[in-house]
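Visitor: To start, I am sharing the structure in question, which I have written as structure tokens.
The values are calculated or read from the model by the stated rules, or taken from the named source; none is laboratory data. Keep in mind that this is a model prediction, so the values were computed, not measured. Using ideal geometry, Cβ is built from the backbone for each residue, glycine included, and neighbour counts are taken over all protein chains shown. Just so you know, the surface numbers come from the protein's heavy atoms only, side chains and all, with ligands and any DNA or RNA stripped out. Shrake-Rupley method; radii C 1.70, N 1.55, O 1.52, S 1.80 Å.
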Amino acid sequence: MTALHKSWKEALIDEFNSSYMEGLKAFLVEEKKNCTIFPQSKNIFNAFDLSPFESVKVVILGQDPYHGMGQAHGLSFSVQSGVPFPPSLQNIFKELVDDIGCPFPRSGDLSHWAVQGVLLLNTLLTVRQGEPFSHKDHGWERFTDQVIRTLSEQREHIVFILWGTPAGKKSILIDERKHLVLKAPHPSPLSSYRGFFGSKPFSKTNRYLLEQGLAPIEWCSPSER
């Protein structure tokens, strides 16, 4: 696995030195011998590299990476520029337009959110090509739970955006006296009409950040404002 930002290494040093992480590394080595996994090794910790620990203002929690060729690049819900938008991302953009009036984005690359402190975190950080949830129960869940727990304990005034039932269950890891938790149905076509549309996560996030004296997130794409 690739290196990641120094601030995260320091915050999660016990995790990286743990036996379960060694087991996860060994599992991924074997997986790479036998199949294609996403994202590429250099992008597994992309979310952490773009959003250093002390810079995180928002966490958007996804499930596992996209499992199609050329899609995943280490940021939840994001795809690389030029890649067609998956259905969930299309619905996120529809809500973005309705919520705060951004033009509909031309690129699905959410890196411009990440560099502002939006940690685009999946509960699993790798997946086999064409096999969703194929890297479940090999250690990633324990690692990403600790990411959420550490942010909750060591930071203040973070907005945690939890879409869907599995993400919503992670609220038990978050101290809601110090942070804002926004829950809604998942943006997938199967559940988006059950309350994702109209949930206004982008405006609610910025309102909270401003109330805490923090700069809001520029959600609209830089080239499309």
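Visitor: Select, from GLY117, GLY82, the only residue that is more than 23 Å from GLU131 (Cβ to Cβ), among the small types (Gly, Ala, Ser) and in contact with a Lys or Arg (Cβ under 8 Å, 6 or more places away or on another chain). Walk me through how you get there before you give the answer.
Guide: Working: GLY82 fails: in contact with a Lys or Arg (Cβ under 8 Å, 6 or more places away or on another chain).
Result: GLY117 is the single residue among GLY117, GLY82 that is more than 23 Å from GLU131 (Cβ to Cβ), among the small types (Gly, Ala, Ser) and in contact with a Lys or Arg (Cβ under 8 Å, 6 or more places away or on another chain).
Visitor: Based on this model, can you work out whether LEU210 counts as open to solvent by 40 Å² or more (accessible area, probe 1.4 Å), within 26 Å of PHE104 (Cα to Cα) and of a type in the set (A, V, I, L, M, F, W, C)?
Guide: yes
Visitor: Quick check, is ARG128 among the basic types (Lys, Arg) and either at pLDDT below 95 or within 23 Å of ALA26 (Cβ to Cβ) (or both)?
Guide: So ARG128 passes the test.
Visitor: Give me a count of the residues in region 189-211 that are at pLDDT 95 or above and either small (Gly, Ala, Ser) or part of a helix (DSSP H, G or I) (or both).
Guide: 13
Visitor: Quick one: in region 50-64, of everything that is at pLDDT below 95 and farther than 19 Å from HIS179 by Cα, which residue is most open to solvent (accessible area, probe 1.4 Å)?
Guide: Looking at the filtered set, the residue picked out is GLN63.
Visitor: Being more than 16 Å from VAL59 (Cα to Cα), charged (D, E, K, R), open to solvent by less than 10 Å² (accessible area, probe 1.4 Å) and over 15 Å from the mean Cα position of the chain (by Cα) is the requirement here; does GLU95 meet it?
Guide: For GLU95, the condition - more than 16 Å from VAL59 (Cα to Cα), charged (D, E, K, R), open to solvent by less than 10 Å² (accessible area, probe 1.4 Å) and over 15 Å from the mean Cα position of the chain (by Cα) - is met.
Residue by residue, here is whether (1) assigned to a loop (DSSP other than H, G, I, E, B); (2) under 30 Å from LYS33 (Cα atoms) holds:
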{"position": "CYS102", "(1), (2)": "yes, no"}
{"position": "PRO105", "(1), (2)": "yes, no"}
{"position": "GLN116", "(1), (2)": "yes, no"}
{"position": "LEU121", "(1), (2)": "no, yes"}
{"position": "LEU124", "(1), (2)": "yes, yes"}
{"position": "SER134", "(1), (2)": "yes, yes"}
{"position": "THR144", "(1), (2)": "no, yes"}
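Visitor: Another question, then. Filter region 172-188 down to the residues that are aliphatic (A, V, I, L, M) and part of a strand (DSSP E or B), then identify the one that is surrounded by the most Cβ atoms within 10 Å (Cβ to Cβ).
Guide: First, pick out the residues of region 172-188 that are aliphatic (A, V, I, L, M): 172-174, 180-182, 184.
Filter once more, so that each one left must be part of a strand (DSSP E or B): 180-182, 184.
Values: LEU180: 19, VAL181: 17, LEU182: 19, ALA184: 22.
If we take residues in region 172-188 being aliphatic (A, V, I, L, M) and part of a strand (DSSP E or B), then ALA184 is surrounded by the most Cβ atoms within 10 Å (Cβ to Cβ).
Visitor: Does GLY117 meet the test of being on the phi > 0 side of the Ramachandran plot, in contact with a strand residue (DSSP E or B) (Cβ under 9 Å, 6 or more places away or on another chain) and either surrounded by 19 or more Cβ atoms within 10 Å (Cβ to Cβ) or not hydrophobic (A, V, I, L, M, F, W, C) (or both)?
Guide: Working: on the phi > 0 side of the Ramachandran plot: yes; in contact with a strand residue (DSSP E or B) (Cβ under 9 Å, 6 or more places away or on another chain): yes; either surrounded by 19 or more Cβ atoms within 10 Å (Cβ to Cβ) or not hydrophobic (A, V, I, L, M, F, W, C) (or both): yes.
Criteria met by GLY117.
Visitor: Can you pull out the residues in region 133-151 that are open to solvent by less than 10 Å² (accessible area, probe 1.4 Å) and either more than 9 Å from GLU15 (Cβ to Cβ) or touching a strand residue (DSSP E or B) at 6+ places or on another chain (Cβ under 9 Å) (or both)?
Guide: Within region 133-151, HIS135, TRP140, THR144, VAL147, ILE148, LEU151 meet the criteria.
Visitor: Could I ask something else about it? Of the residues that sit in region 153-171 and are open to solvent by less than 30 Å² (accessible area, probe 1.4 Å) and assigned to a loop (DSSP other than H, G, I, E, B), which one is nearest to SER55 (Cα to Cα)?
Guide: Filtering region 153-171 for residues that are open to solvent by less than 30 Å² (accessible area, probe 1.4 Å) and assigned to a loop (DSSP other than H, G, I, E, B), the one nearest to SER55 (Cα to Cα) comes out as ILE158.
Visitor: Take GLN80 and tell me if it is within 28 Å of PHE196 (Cα to Cα), in a helix (DSSP H, G or I) and polar (S, T, N, Q).
Guide: Taking the combined requirement at face value, the residue does not satisfy it.
Visitor: Sticking with this one: Just checking, does region 25-48 include any residue being under 22 Å from GLN63 (Cα atoms), under 18 Å from the mean Cα position of the chain (by Cα) and open to solvent by 60 Å² or more (accessible area, probe 1.4 Å)?
Guide: The answer is yes, given that some residue of region 25-48 is under 22 Å from GLN63 (Cα atoms), under 18 Å from the mean Cα position of the chain (by Cα) and open to solvent by 60 Å² or more (accessible area, probe 1.4 Å).
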